[in-house]
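Notes to accompany the following structure.
The values are calculated or read from the model by the stated rules, or taken from the named source; none is laboratory data. Quick caveat: nothing in here was measured; it's all calculated off a predicted structure. Cβ placement follows ideal geometry from the backbone for every residue including glycine, while neighbour counts extend to all protein chains displayed. When the accessible area is computed, the model is the full protein with side chains, heavy atoms only, and any ligands, DNA or RNA have been set aside. Shrake-Rupley method; radii C 1.70, N 1.55, O 1.52, S 1.80 Å.
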Amino acid sequence: MKEKRARTKKLRTPQQQKKRRRIALCSMALVLALLCYFCFGVLKIQSWRGLSVSKLTDLAQTLLIYDANGDAVASVYGAQDRIMVDIDTIPQEVRNAFIAAEDVRFYKHHGVDVKRIFGAMLTNIQKGGYSEGASTITQQVIKLTHLSTEKKLSRKAQEAYLALQLERKFSKDDILEMYLNIVYFGRGAYGIEAAAKVYFDKSASELSIDEAASLAAILKSPTKYAPHLHPDNNLERRNLVLDLMADYEMLTGTEANNLKKKPLTVAEDRPEKYNYGYYIDTVLDEACEKLGVSMDELYSGGYRIYTTLDATKQLQAEALCADPAMLPQDAPDGTQAQVAMVVMDPKTGGIQALVGGREHTTLQAFNRATQAYRSPGSCIKPIAVFAPAIDEADYTATTYVEDAPVDYGGYKPQNFTGKFLGQVTVRTALSQSLNVPAVNTLHDIGVSTGMAYAQKAGLDLEEEDKNLSMALGGLTRGVTPLAMCDAYAGIANGGMRMPAHTIARITQADGETLYAYSDAGVRYMSEDGAFLLTDILRETVESGSAKGLQEVGAPLAAKTGTVDYKGVGNRDVWTITYNPEMVVTVWMGIDTPGEACYLNEKDSGGSRPTAVCAAFLKEQYADRAAPWFDAPDGVVAVDIDKTVLERQHKVIAASATTPKEATVREFYKLGDEPTDVSDYWDPPAPPQDVHVEADSSGVPIVTFTMQKDTAYYEVFRKVSGEATSLGSLDGSKKAAALRDITAPANVPLEYYVVAVHKEKRGDGSAITGNPSHSVRFVRQNGSGVQPAID
C-alpha cells in the first residue's frame with residue numbers, strides 16, 4: 001500500500017457542500033459566458049482556423065537505419081531529432097512523472113482546467129503579469145503545433161478553443177502520446193525517445209523513475225534545466241518532481257526519498273558524425289533514389305531503413321583502410337594515397353561493407369567506392385574479354401592464344417614486363433595478367449561482343465570505349481570500385497548478377513513498407529562459363545599476381561590490376577577476390593595524379609591491395625572453413641597430360657600411365673572435353689628390325705630404326721647369359737648403327753635393344769619398354785666374316 005501524507009480536511013454540512021457546488025457552477029457559467037462573448041464578439045472566433053490533425057501527426061521525425069541483423073546503427077535528422085513512440089511502450093511511472101510536473105488533473109479535465117485558470121489569474125493579478133501559466137498538457141500540444149508562443153489573450157483563447165476540439169477528437173492517452181513525442185528537451189532532442197537516447201543512452205521504455213523525472217524537469221526551461229548544461233538545476237527540479245509524484249500518491253514518500261538520493265548520470269555528448277560513415281552515406285543516396293525524395297525530406301520523414309550492412313565486416317574494413325601500414329606511401333609531392341573497399345554477397349547483391357576513403361570526416365563526403373571513376377586496368381579482362389570468349393567462342397582454360405608483338409592499325413599493346421612468351425594458354429594469360437593475349441582475344445571475339453558483356457555486367461561504359469584498348473582498362477571515364485565488385489559478383493553467382501544494393505526495405509515509422517528490394521537479376525554469362533572462368537582465376541592465387549592471398553588458407557579466385565602513370569609509377573592498383581559467399585574489392589590510388597603525384601611503381605595490384613584483401617579474409621575464416629564452387633551439371637572434369645600441353649601445345653587427356661605430377665585437372669563444357677588419350681608416357685615399344693652384321697674388319701654393327709623421339713634406345717650384348725650395355729642412342733635421330741669394337745671373338749654373342757623413355761617418373765625411376773628380339777652373332781678372328789644368325 002502506498003504511504004499517504006496526512007491531510008487536514010474541514011468538515012462541512014450537506015447543505016454547505018450543496019451551496020458550494022452551486023456557487024462553483026454559477027462561477028463557471030459566468031466565466032464561460034464572458035469567454036463566449038469575448039471570443040465571438042471581440043476576437044471573431046469565426047476567423048480562427050480549426051484543428052489540423054496533420055499538424056499533430058505529420059511531425060518531422062528522425063531517420064533510423066538498421067543493419068542486416070535488425071540492430072539500429074545510425075540516426076540521421078534535419079532540424080529536429082524526433083523518434084515517435086507509442087504510448088503503450090512508455091511505462092506508467094514514466095508517464096506519471098510528466099503528469100505530476102505538468103498537469104496532474106490531465107485525466108479529469110476536458111482540455112482546459114478552469115480551476116488552474118482561476119489560480120493562475122489570481123497569481124498573475126497579484127504579480128502584475130503572466131508569470132504563472134495554466135496550460136494543460138492538451139493546451140501545450142495545441143500551442144506547440146498550431147499557435148505561436150506570444151502571450152496574448154487572443155492566442156490563449158484560441159488555444160483553449162482548439163484544446164476542447166482536440167479532447168473531443170482524441171483520447172487522453174492519444175493526447176499524452178502526442179505531447180511526449182512533440183515537446184523539446186534540449187540538446188537537439190524532440191520527444192521523449194530522442195531525449196532518452198541523448199541524455200541516458202537508452203530507449204524511453206527503459207527509463208527509470210528518477211531519469212523520467214529528470215526529463216520532466218527539463219520542460220520548464222530546456223536552457224535552464226538541461227542536465228548536460230546545468231546539472232545542479234536539473235537535479236533540484238528532478239527532486240521536486242519526485243516530491244510531487246509522492247504528493248499525488250504516484251510514489252510513496254520512502255520511494256521518492258530513495259530516488260532523490262540517486263546521482264544524476266548523463267550520457268556523453270553525441271559526436272557530430274554517425275558510425276559507418278561511407279556506408280550510411282551510400283544508404284542515404286540510395287534511399288532518396290528509391291523513395292523519390294530530397295535529402296532534407298529523407299532526414300525528417302521518420303523513415304526506417306533496413307540495410308544489408310554487416311557491422312563486423314564494416315568495422316574491419318574501416319580499420320584496414322585507415323591503417324597507414326596497409327596503404328601505399330605518400331606520393332613524391334606528399335599527397336596521400338587513397339583507398340576504397342567494397343564487400344558484397346554475390347547471391348543477393350547486398351553490400352555488406354563499404355569504405356570510400358581513409359577516413360570519414362563529414363556527412364555526404366566524397367565516396368571513392370561509389371563516386372570515383374578509375375581505370376580498372378587488367379581487372380576488366382575477365383569481364384569484357386574472357387567471359388565472352390568462353391561463352392561465345394568456346395574458349396577454355398587450355399585454349400592457346402598468341403603472345404607476340406602485334407600492330408592493330410598503330411595500336412601496339414605491350415606486356416607489363418615488356419617480354420613476350422609466344423603461345424600461352426588462357427589460364428596462363430589471365431594468371432600472369434598478360435596484356436597482348438587479352439587484346440588478341442578481344443580482337444578475335446569482336447569488340448562489340450566484349451562491350452555488350454561488360455555492360456550486362458553492370459559497367460557503365462561510354463560509346464568511345466568500344467575499341468581494343470578496352471581489354472586493358474583503357475576507358476574514357478572509367479568505373480567505380482562498387483561497379484567492379486558488382487560485375488565480379490555476377491561471376492561468383494554463376495553468371496547471374498544481382499544488382500548491388502545497401503537497402504533491403506524501407507518503412508514508415510508506423511511500419512508500413514514503402515520499398516522492398518526485389519530483383520530477378522541479370523544473366524550475363526552462362527553458369528557453365530562462369531564456373532570455367534572462376535576456375536581459371538583460381539590460378540591467379542595459386543601461382544599468379546595474387547599469390548599473397550594464399551595466406552588466407554582458403555580457396556579463392558582473384559584478379560589484380562595495375563595502371564601505369566607515364567612510366568614513372570602507378571595511378572590505380574586493384575585486387576578483386578571472391579568465393580561463393582563473398583566478393584571483396586580493394587582499390588588504391590591517387591585522387592588526381594600529376595607531376596610528382598603518383599604511386600610508387602612497387603605498389604602494384606598484387607601488393608598492398610592484395611594484402612588488405614588477405615588480412616580481411618583471414619579474419620573472416622579464422623574459425624570456419626571457406627566454401628568453394630560445385631561444378632555445374634554441364635561441366636566435366638578431365639585430367640590433361642600437362643607435359644604434352646606445355647611442350648606440344650596439344651590438349652590430350654592423360655592416360656593410366658601418365659604420372660600424377662604430369663597431369664593437370666581442367667574443366668570443360670560437356671561435349672567440348674578432349675577425347676584423345678595421351679600415349680606420351682606409355683613405355684616405348686622396342687624396334688622391330690634389329691640387325692647385326694660385321695664390317696670389313698669383322699666388328700659387329702648393330703642397326704635398327706628408332707620409332708619415338710621421346711625415347712632413348714639402349715643396346716645390350718649378352719655373353720654366356722650376362723648382359724652388358726653398349727650405350728644408348730637418341731630416338732630423335734631415327735636411324736641407328738652401333739659398332740661393337742669390344743666384342744670378343746669366337747664365342748656366341750646375342751644383341752638386343754631396350755627403349756627407355758626420356759622422362760622419369762616422379763620417384764626418379766625410368767620408364768622402360770620391353771626388350772627387342774635377340775640377334776645372335778659370332779665374331780671370327782682375323783678378317784673373316786660370319787653372317788649373323790637370328
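For the stretch 454-521, report the accessible area per residue in Å² (1.4 Å probe, heavy atoms, rounded to an integer). Don't jump to the answer; show the numbers that get you there.
On the way: 2550 Å² over 68 residues.
Ligands and nucleic acids excluded, the figure is 37 Å² per residue.
So, R0 is 51 Å and r is the distance between the beta-carbons of residue 677 and residue 781; what FRET efficiency does that work out to, to 0.05?
With a Förster radius of 51 Å, E is 0.45.
Might you tell me the accessible area per residue for the stretch 298-351, computed with a 1.4 Å probe and given in Å²?
33
Once amide H atoms are built 1.01 Å from N in the peptide plane, which residues 5 or more positions from residue 374, or in another chain, come under 5 Å H to H?
The answer is 479, 480.
How much accessible surface does residue 716 have with a 1.4 Å probe, in Å² rounded to 10?
40
Could you give the alpha-carbon Rg of the stretch 284-371 over 2.2 N^0.38 Å, rounded to two decimals?
Expressed relative to 2.2 N^0.38 Å, the Cα Rg reads 1.28.
Restricting to Cα pairs below 8 Å that are 6+ residues apart, what does the relative contact order work out to for the stretch 518-602? Please round to a whole percent.
19
Take the alpha carbon atoms of the stretch 454-473, find their center, do the same for the stretch 270-346, and report the distance between the two centers in whole angstrom.
27
Tell me, what are the semi-axes, in whole angstrom and largest first, of the equivalent ellipsoid of the stretch 634-790 as set by the roots of 5 times the Cα gyration tensor eigenvalues?
Working: eigenvalues 365, 35, 24 Å².
Value: 43, 13, 11 Å, ordered largest first.
Can you pull the accessible area of residue 517 for me, 1.4 Å probe, Å² to the nearest 10?
It works out to around 60 Å².
Just reorder 528, 296 by solvent-accessible area, largest first, 1.4 Å probe, all chains present.
296, 528
Once every Cα of the chain carries one equal point scatterer and solvent is ignored, give the base-10 log of I(q)/I(0) from the Debye formula at q = 0.07, 0.11 Å⁻¹, two decimals.
One equal scatterer on each Cα of the chain leads to -0.74, -1.13.
Counting only Cα atoms, I'd like the Rg/Rh figure for the stretch 382-427, Kirkwood definition for Rh.
1.00
In whole angstrom, how far apart do the alpha carbon centroids of the stretch 588-640 and the stretch 539-582 sit?
4
How large are Rg and Dmax for the stretch 355-465 when calculated on the C-alpha trace, in angstrom?
Cα only, the stretch 355-465: 16.7, 53 Å (Rg, Dmax).
For the pairs 412/642; 172/260; 650/708; 108/224; 197/220; 642/669, note any where the Cα-Cα span goes beyond 22 Å.
Long pairs (Cα-Cα over 22 Å): 412/642; 172/260; 108/224.
Using the heavy atoms of the protein chains and a 1.4 angstrom probe, tell me the accessible area per residue for the stretch 603-686 in square angstrom.
50
Restricting attention to the alpha-carbon atoms of the stretch 700-774, what are Rg (one decimal) and Dmax (integer), both in Å?
Using the Cα atoms of the stretch 700-774, the pair Rg, Dmax is 13.1, 44 Å.
Under 19 Å from the 7 Å Cα→Cβ point of residue 542, by amide nitrogen: which residues of the stretch 408-430?
Of the residues in the stretch 408-430, 424-430 have backbone N under 19 Å from the label point off residue 542.
Along its principal axes, what span do the Cα atoms of the stretch 639-686 show, with the longest given first and each in whole Å?
39, 19, 18
For the chain, what's the relative contact order in percent, using C-alpha pairs closer than 8 Å and at least 6 residues apart?
On the way: 1579 pairs, mean separation 70.6, N = 790.
About 9 percent, as a whole number.
Could you list the square roots of 5 times each eigenvalue of the Cα gyration tensor of the stretch 737-778, that is, the equivalent ellipsoid semi-axes, sorted largest first and rounded to whole Å?
So the three semi-axes of the stretch 737-778 are 29, 11, 8 Å.
Just to verify a number: FRET efficiency for residue 747 and residue 689, C-beta to C-beta distance, R0 = 30 Å, to 0.05?
The pair residue 747/residue 689 has a calculated efficiency of 0.75.
With the cut-off at 25 Å, tell me which of the pairs 381/660; 115/261; 115/169 have Cα atoms farther apart than that.
381/660; 115/261
Where q = 0.17, 0.18, 0.29 Å⁻¹, what log10 of I(q)/I(0) comes from the Debye formula for the stretch 591-644, counting one point per Cα?
-0.84, -0.85, -1.11
With just the Cα atoms defining each centre, how far is the stretch 51-120 from the stretch 362-392? Give it in Å.
When both Cα centres are located, 49 Å separates them.
Per residue of the chain, what 222 nm ellipticity follows from adding -39500 (n - 2.57) for every DSSP H run with n ≥ 4, rounded to the nearest 500?
Numbers: 24 runs with 258 residues, N = 790.
Calculated mean residue ellipticity at 222 nm is -10000 deg cm²/dmol.
Debye sum, Cα scatterers, the stretch 137-284, no solvent: what log₁₀ I/I(0) at q = 0.12, 0.16 1/Å?
Taking Cα atoms of the stretch 137-284 as identical point scatterers yields -0.63, -0.98.
With a 1.4 Å probe and all protein chains left in place, how much of the accessible area of the chain comes from carbon and sulfur atoms, in whole percent?
50
Once the cut-off is 16 Å, how many percent of the Cα-Cα pairs in the stretch 237-287 end up in the long-distance tail?
Numbers: 774 of 1275 pairs.
That tail contains 61 percent of the Cα-Cα pairs.
Semi-axes of the stretch 669-734's equivalent ellipsoid from the Cα gyration tensor, sqrt of 5 times each eigenvalue, largest first, rounded to whole Å?
They are 37, 13, 9 Å, listed from largest to smallest.
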